[in-house]
Amino acid sequence: MKNSVMLPAQLLPAVVAACLLLSGCSDPKSASGFRLPDGEVGAGREAFVRLNCHQCHSVAGDSLPKGQLADVITVPLGGEVVRVRTYGQLVTSVINPQHIINPAYRGKYTDPAGRSLMPDYNQTMTVRELVDLVAYLQSRYKLKPPEPAYPLGM
Ligand code: HEC
């Protein structure tokens, strides 16, 4: 019976590592438990134009008014992707654009200090707008099956 419910001490680091990997359980910045209320695609599209997002962004499959900055900055959103754009990623792109800058835009659409040219909306955008924007953008991404690693039928 001795030690019947205890894990062998050698296993402890592996258990802790698995716990960290699976749930981010000890990271205060973990997004675990994060869940947005459902947004409205139509309202998100309206917010996109009202907040002037279309000045710098085109959206796949949607004909938005042409932005005045379209010749200077055009960052396409939506279209075919191989991995789902989670709302965690989209919310982060909107409220914390500096967090991850797509390598394709580094240098091109960043200032000399390496910061994104995307403006800060956090003082003016409502949470409702954010939620609807994310619903709108998610509706414009289309998941495409990954390329097979080798030609099929061989
Ligand atoms: C003045 C130009 C400008 C405006 C206005 C602007 N953005 Fe951006 N946006 C950028 C640039 C430049 C990037 C690429 C660099 C980066 O990741 O921040 C970007 C990146 C993004 C991305 C990530 C794209 C990717 O593939 O990584 C999203 C999502 C996004 N913007 C949404 C929005 C939304 C929603 C609005 C309106 C509330 C908006 N943007 C307004 C310039 C702009």
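Key figures for this structure:
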item: Residue match in segment 50-70 (condition: of a type in the set (Lys, Arg), modelled with pLDDT of 95 or more and exposed (fewer than 14 other Cβ atoms within 10 Å of the Cβ)); result: yes
item: All positions within segment 25-44 that are under 24 Å from residue 135 (Cβ atoms), more than 17 Å from the chain's Cα centre (by Cα) and among the hydrophobic types (A, V, I, L, M, F, W, C); result: 43
item: In segment 100-128, residue nearest to the ligand (Cβ to nearest atom) [restricted to those that are outside any loop (DSSP other than H, G, I, E, B) and exposed (fewer than 14 other Cβ atoms within 10 Å of the Cβ)]; result: 104
item: Segment 59-81 residues that are in a strand (DSSP E or B), paired with ones that are surrounded by 14 or more Cβ atoms within 10 Å (Cβ to Cβ) and among the β-branched types (Val, Ile, Thr) (beta carbon under 7 Å, 6 or more apart); result: 77/59
item: Filter result for residue 64 (in contact with a helix residue (DSSP H, G or I) (Cβ under 9 Å, 6 or more places away or on another chain), near the ligand (Cβ under 8 Å from one of its atoms) and among the hydrophobic types (A, V, I, L, M, F, W, C)); result: no
item: Residues of segment 82-99 classified as under 13 Å from residue 138 (Cα atoms), near the ligand (Cβ under 9 Å from one of its atoms) and assigned to a loop (DSSP other than H, G, I, E, B), total; result: 1
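The values are calculated or read from the model by the stated rules, or taken from the named source; none is laboratory data. Just so it is clear, the structure is predicted and the values come from calculations on it, not from any experiment. Quick reminder, even Gly has a Cβ in these numbers, built from the backbone with ideal geometry, and neighbours come from all protein chains shown.
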